[in-house]
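What follows is one structure encoded as structure tokens, with my remarks underneath.
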């Protein structure tokens, strides 16, 4: 998982434009998602941990629909695992926060557009 300094840096950058909820691991993420009624527009997930893929798969099942996933990774060797959850984007650490904000904005806009416009 991205360390606390990186996680805080990402959250701070994203909070300038979006509502952000942070969980330090997959199990906490699932508990938080349940509290929020599975209502996320975009998931930013660190797949460096072994629970990252589990979190994404479980979230998608419980949400009942696909939510765009942006995978953040520090380990190119885990790329196959990242592909298994079919992320819409993969950003390698250290992540440029401007790139992260741009990617989240793009996928959030896509999620909010009516089906007829896609």
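Miscellaneous remarks
- Residue count for the range 24-65, restricted to those that are surrounded by fewer than 20 Cβ atoms within 10 Å (Cβ to Cβ), in a helix (DSSP H, G or I) and in contact with a strand residue (DSSP E or B) (Cβ under 8 Å, 6 or more places away or on another chain): 0
- In the set (1) surrounded by 15 or more Cβ atoms within 10 Å (Cβ to Cβ); (2) at pLDDT 90 or above; (3) out of contact with any strand residue (DSSP E or B) (no Cβ under 7 Å at 6 or more places or on another chain), the condition left unmet by residue 95 is number (3).
- Criterion applied to 103, 82, 115, 75 was being under 18 Å from residue 6 (Cα atoms) and at pLDDT below 85, and the one residue passing it is 75.
- Residues in the range 31-57 that are more than 22 Å from residue 112 (Cβ to Cβ) and either in contact with a helix residue (DSSP H, G or I) (Cβ under 6 Å, 6 or more places away or on another chain) or modelled with pLDDT under 90 (or both): 46, 47, 48, 49, 50, 51, 52, 53, 54, 55, 57.
The values are calculated or read from the model by the stated rules, or taken from the named source; none is laboratory data. Owing to the predicted nature of the structure, the values given are computational and were not obtained by experimental measurement. Note: ideal-geometry Cβ built from the backbone for every residue, glycine included; neighbour counts use all protein chains shown.
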